[in-house]
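Read the structure below first, then the notes.
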Amino acid sequence: MARIDPDALNPVTPRKRQSLDDDADQQKTKKIRLALGPKPFNLTGLPGDILHIVANEHLESLDFFNLRLTSKHLRERTEKAFGRRYFKTKKFMLSPMSLNALLDISKHAQLGQFVRHISIGSERLQSNYLHAFEPASRSATEVWRKEYFEKYSTFVADQERMERNGDDVQILAQVFESLPNLESVSMGEVALVCPIKALRPFEDANLTQSWGVEKLIRELGAGDEPSFAPAQVPSVQRPHIPMRSRLLIDTTMGRAFDVMFKALREAGRELKVDLAIPRLPEPRMMPFDLEDGDVWYCLPMVRSLKFDSGWEVQERGTEVWVEQLVRDTVPTSVSLRHMDARSIGPNTPALRMLPVGFNAPLKTLKLFNLWEIDVDLLKTTLMRLAPSLTTLDIATVTISMTQNPTRRLRQWMEVFKVIRGLLALTSLSLADLYEYCDGNLLRDDPTDDAAKKTESKGWIYGIHLRGHKQIAQALSPDAYSQGISRESEPLIGVGWRKTMIGG
């Protein structure tokens, strides 16, 4: 039987062939349009610079971490943003856990390159656990002992072994020497965040906790201060646990300074040093010996000094120590924090020495939480620093009442006049300025006593200015002569609302 050709039964006519060719052309055109047309948005297609800005400046930490987990490509593209955001400045405590983490970072081929500044916190695990409890609750520690004492004892033993062998000095020296882009180190900042949980959002953003603090607090069952627990919670119902601020406190005081100075000298590297001199528990106890060889080696590296509370109420020996520290260093930035002149009169010693005691021109001055400062002393200090001062930050400062007090807020206007004359000044921050404080800053005075009302007046909120021209305009008499009543709430300069409090 003859074989039948299938194509003979279905011949392709010219019209049908043209139709098939048209279909093929349409499919090809569709593919070309899809290839050349707009594509759906995809983060992986973003240029590296834009992705860096998005990741580093516009994402919360949790969102940033989740983004890095979505793909290997995004993880690699955000490596620089991750390093700059989380490793440029780090703070560590002198504990085995924290220092070993720092050592691991320094050995990491990528993350170690991002570290520019290292801060050494003064936290130290309390050797006597009973001191971490409130006195009233020390007899009720058995529950805590059963769960945490073995782990606590291990941590303490590791810490004491490290200190005895000098491992902390060796690790820091190795880190200081090996980090390729390390520029500066600091020592002496506040050890822990505020024990009052509700007040932590108001703390200085620079006062961060050291690496490993939260883990120790969590693993040892510590908590916030019970004395600041809500009033409706009876004391008998509050947990008998160690307090976070008492569990991690350096009772040896100056040892952390000694460790850092020794490590810097062993590393043999020129780094900038920021020193924060904390409040001292005893008048005659100095943080470190200025005649020590390691200290003497590091003093020329000091870039900034910060003096915390207690310095003006100490004995003469303390003031002499501060004066020698000032003479032996060349800082360009000084901060005074938490000083109360009411116990010794308005002429605060720490403020008096500012204009005359330093070997280098002072460029930055920060005054925070100073009480009862003499207005003439403040004006004299600013005028003497005028040739070099470029940055001024004054926050929560109260001017003392003179024997013949001027009209309310007039003294701050005199200070503003001096600030306008600081021709080198390019950055100014002012916030919460008061006169004649009577201790009732944040509530109205119900009395009709005009003098009493005067004692609790001030400006709240803040102003941040850049450039001498803007500073002079914002602090000109016209800017703050428009009225000072609570109802008007006039604006001063850029974003500074002048609000009267107390009357």
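The values are calculated or read from the model by the stated rules, or taken from the named source; none is laboratory data. Source: prediction; values computed, not measured. Don't worry about glycine lacking a Cβ; one is built from the backbone with ideal geometry, like all the others, and counts go over all protein chains shown.
Listed values, structure above:
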| quantity | calculated |
| --- | --- |
| Residue within the stretch 206-220 that is at pLDDT 80 or above, of a type in the set (V, I, T), surrounded by 17 or more Cβ atoms within 10 Å (Cβ to Cβ) and within 26 Å of T141 (Cβ to Cβ) present | yes |
| H117 vs. criteria modelled with pLDDT under 85 and on the phi < 0 side of the Ramachandran plot | no |
| Subset of the stretch 120-142 that is closer than 19 Å to L216 by Cα and assigned to a helix (DSSP H, G or I) - its residue that is modelled with the highest pLDDT | Y129 |
| Residue, modelled with the lowest pLDDT, within the stretch 48-82, restricted to residues that are more than 21 Å from Q110 (Cβ to Cβ) and part of a loop (DSSP other than H, G, I, E, B) | H58 |
| Test: residue in the stretch 97-104 that is in a loop (DSSP other than H, G, I, E, B) and either touching a helix residue (DSSP H, G or I) at 6+ places or on another chain (Cβ under 7 Å) or not assigned by TED's automatic domain parsing to the domain that holds N181 (or both) | no |
